[in-house]
Amino acid sequence: MDERATWATRIGFILAAAGSAVGLGNIWRFPFLTGESGGAAFLVVYLLLVVGVGVPVLLVEFVIGRRSNRNPIGAFERLGHPGWKAAGAVGAIAAFIIFSYYSVVGGWVIQYVVASFTGGYGADAEAFFLSTASGTNAIAYHGLFMATVAGIVALGIRNGLEKAATVMVPTVVVLLVGLAGYGATLDGAGAAYSYYLAPDLSTIVGDAVSILPAAAGQAFYTLSLGMGIMITYASYIGEDRNLLQDAGVIVVLDTVIALLAGLVVFPFLFTQGIEPGEGGAGSIFISLAGAFQQLPGGEIIGGVFFLMLLVAALTSAFSIFEVVVSYVTDTFDVDRVPTAIGMAAILFVVGIPTALDLTYLDAYDLFANNILLILSGLLLSIFIGWVYAGEAVEELGKGRASDGRIEAIWVTTLRYVVPIVLAITLALSVRDYIGFLQESFL
């Protein structure tokens with residue numbers, strides 16, 4: 001097998017890592033969760049969790065990845081703590097489950113890109129979504145999306161992931177900014193901004209138990225935490241890189257794009273009198289497709305939006321799939337190309353239930369995001385905070401002048417703040433998931 005690859009440039013790594021964060025999680029999942037969870041109240045809790053929990057855990061994954069130069073599971077053996085491999089395995093399993101249904105949603109987006117430019121929504125946006133989201137069409141486009149991602153990842157780090165990210169991520173940003181500017185001119189923009197950006201403290205306090213699990217799961221999902229992605233990506237970077245600086249750039253870029261997504265989606269919905277959060281996972285497809293139909297030039301606007309969504313979906317999909325491929329190539333000494341083909345075939349089969357029944361998509365999504373990602377983050381923070389703190393501090397200090405104060409705050413946060421927040425969140429998530437299973441399958 002070839003020697004382990006590295007990123008060619010710092011900007012290539014940052015854009016690839018940011019591209020992982022800037023995907024369907026920001027533009028598909030974030031708006032409908034915000035709509036379901038109280039608008040600005042959800043946004044406040046989400047932002048607090050990104051800063052207070054997401055940043056420390058992102059640095060955890062960076063440190064583990066660069067220190068070990070291995071995939072999320074093999075990393076702990078390389079670090080001399082094989083008993084902690086389960087912490088990495090949780091993330092790898094989460095990535096496997098997420099990508100199996102993520103590819104299905106990616107297939108929806110491909111269909112919507114085509115339909116947007118051809119007027120294929122028809123008179124009934126909901127009927128079009130249902131025909132798109134399940135059945136043979138959904139399976140076929142799930143396969144097309146999966147094959148596209150496997151083909152790029154098979155090309156490797158520099159020729160595949162890095163080159164794709166340097167084109168795709170700026171494209172997403174430009175299109176989002178343009179759509180947000182257009183949204184600001186719509187009649188419903190004022191009401192949308194008030195709903196989205198003016199939090200009600202009583203809502204945050206009164207609904208905290210329901211908002212916390214959703215906001216934590218979304219924070220981890222959008223930052224690509226708990227899946228082993230950032231461990232894998234950091235395993236390809238050199239010791240001269242400033243991990244703290246790179247993490248800051250990635251978090252800011254990801255958060256700005258998440259906020260932009262809301263500034264795009266909510267003005268379209270409010271202008272058409274559509275209730276935010278309607279339709280759950282399908283809301284961005286049903287509600288926005290219906291809204292675009294009512295706007296002058298809606299076919300073009302819709303086409304641009306869904307094209308941007310497809311590009312964003314691909315940037316994240318590359319990173320999730322890379323976790324799976326990296327584990328197999330590192331562990332079994334198999335070449336990248338056959339690994340990518342074989343794993344894509346397996347994941348395609350695993351994703352078929354979600355292409356046939358949306359209930360399975362919800363089941364996969366809630367389990368992976370609200371339970372596995374949080375559990376992975378909890379285990380990783382405990383490992384660095386209580387088991388590997390000395391070596392982690394040394395690793396974080398590389399590539400920059402340091403007096404140790406930031407590292408001390410980081411370790412203290414990992415020991416006492418992050419585990420408590422994540423443990424509470426995990427308990428609430430498990431409770432909610434049991435309730436979902438009872439309601440949906442029993």
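The values are calculated or read from the model by the stated rules, or taken from the named source; none is laboratory data. As the structure is a computational prediction, the values presented were derived from the model and not from experiment. Here the Cβ positions follow ideal geometry from the backbone for every residue, glycine too, while neighbour counts run over all protein chains shown. Protein only, heavy atoms only, side chains kept; ligands, DNA and RNA dropped before computing areas. Shrake-Rupley method; radii C 1.70, N 1.55, O 1.52, S 1.80 Å.
Any residue in the stretch 125-147 that is closer than 17 Å to residue 284 by Cβ, over 20 Å from the mean Cα position of the chain (by Cα), not in a helix (DSSP H, G or I) and not small (Gly, Ala, Ser)? Within the stretch 125-147, none of the residues are closer than 17 Å to residue 284 by Cβ, over 20 Å from the mean Cα position of the chain (by Cα), not in a helix (DSSP H, G or I) and not small (Gly, Ala, Ser).
Considering each of 287, 224 in turn, give the residue that is more than 26 Å from residue 374 (Cα to Cα) and hydroxyl-bearing (Ser, Thr, Tyr).
On the way: 224 fails: more than 26 Å from residue 374 (Cα to Cα).
Residue meeting the stated conditions: 287.
The residues of the stretch 305-331 that are open to solvent by less than 10 Å² (accessible area, probe 1.4 Å) and acidic (Asp, Glu) amount to a single one, 322. Test residue 280 against the criterion of being surrounded by fewer than 19 Cβ atoms within 10 Å (Cβ to Cβ), modelled with pLDDT under 85 and within 26 Å of residue 225 (Cβ to Cβ), and give yes or no. Yes; evaluated as a whole, the condition is true for this residue.
For (1) closer than 14 Å to residue 31 by Cβ; (2) of a type in the set (Val, Ile, Thr); (3) free of Cβ contacts under 8 Å to residues at least 40 places away in the same chain, each residue gets a yes or a no:
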site	(1), (2), (3)
288	yes, no, yes
293	no, no, no
298	no, no, yes
307	no, no, no
310	no, no, no
316	no, no, no
319	no, no, no
323	no, yes, no
326	no, no, no
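Kindly evaluate residue 340 against the criterion of being outside any loop (DSSP other than H, G, I, E, B), at pLDDT 95 or above and farther than 25 Å from residue 218 by Cα. Considered against the rule, which asks whether it is outside any loop (DSSP other than H, G, I, E, B), at pLDDT 95 or above and farther than 25 Å from residue 218 by Cα, residue 340 comes out as no. Give me the residue from the stretch 114-126 that is open to solvent by 20 Å² or more (accessible area, probe 1.4 Å) and not aromatic (Phe, Trp, Tyr) and, out of that set, modelled with the lowest pLDDT. Here the residue is 122.
In summary, residue 72 fulfils each of the numbered conditions (1) more than 29 Å from residue 284 (Cβ to Cβ); (2) at pLDDT 95 or above with the single exception of condition (2).
Of the candidates 437, 428, the single residue that is buried (at least 17 other Cβ atoms within 10 Å of the Cβ) and either assigned to a helix (DSSP H, G or I) or touching a residue at least 24 places away in the same chain (Cβ under 8 Å) (or both) is 428. Here residue 392 does not fit the description of being among the small types (Gly, Ala, Ser), in a helix (DSSP H, G or I) and without any contact (Cβ under 8 Å) to a residue 24 or more places away in the chain. Considering (1) part of a helix (DSSP H, G or I); (2) modelled with pLDDT of 95 or more, the lone condition that residue 26 does not fulfil carries the number (2).
Within the bounds of the stretch 60-81, is there any residue that is free of Cβ contacts under 8 Å to residues at least 12 places away in the same chain, open to solvent by 10 Å² or more (accessible area, probe 1.4 Å), in a helix (DSSP H, G or I) and touching a helix residue (DSSP H, G or I) at 6+ places or on another chain (Cβ under 9 Å)? For the stretch 60-81, residues free of Cβ contacts under 8 Å to residues at least 12 places away in the same chain, open to solvent by 10 Å² or more (accessible area, probe 1.4 Å), in a helix (DSSP H, G or I) and touching a helix residue (DSSP H, G or I) at 6+ places or on another chain (Cβ under 9 Å): present.
Considering 215, 234, which residue is crowded, with 24+ Cβ neighbours inside 10 Å, more than 30 Å from residue 434 (Cα to Cα) and of a type in the set (Gly, Ala, Ser)?
234
Take residue 60 and decide whether it is modelled with pLDDT of 95 or more, within 16 Å of the chain's Cα centre (by Cα) and over 20 Å from residue 321 (Cβ atoms). Can you show your working first?
Values: modelled with pLDDT of 95 or more: yes; within 16 Å of the chain's Cα centre (by Cα): no; over 20 Å from residue 321 (Cβ atoms): yes.
When the stated conditions are applied, residue 60 does not pass them.
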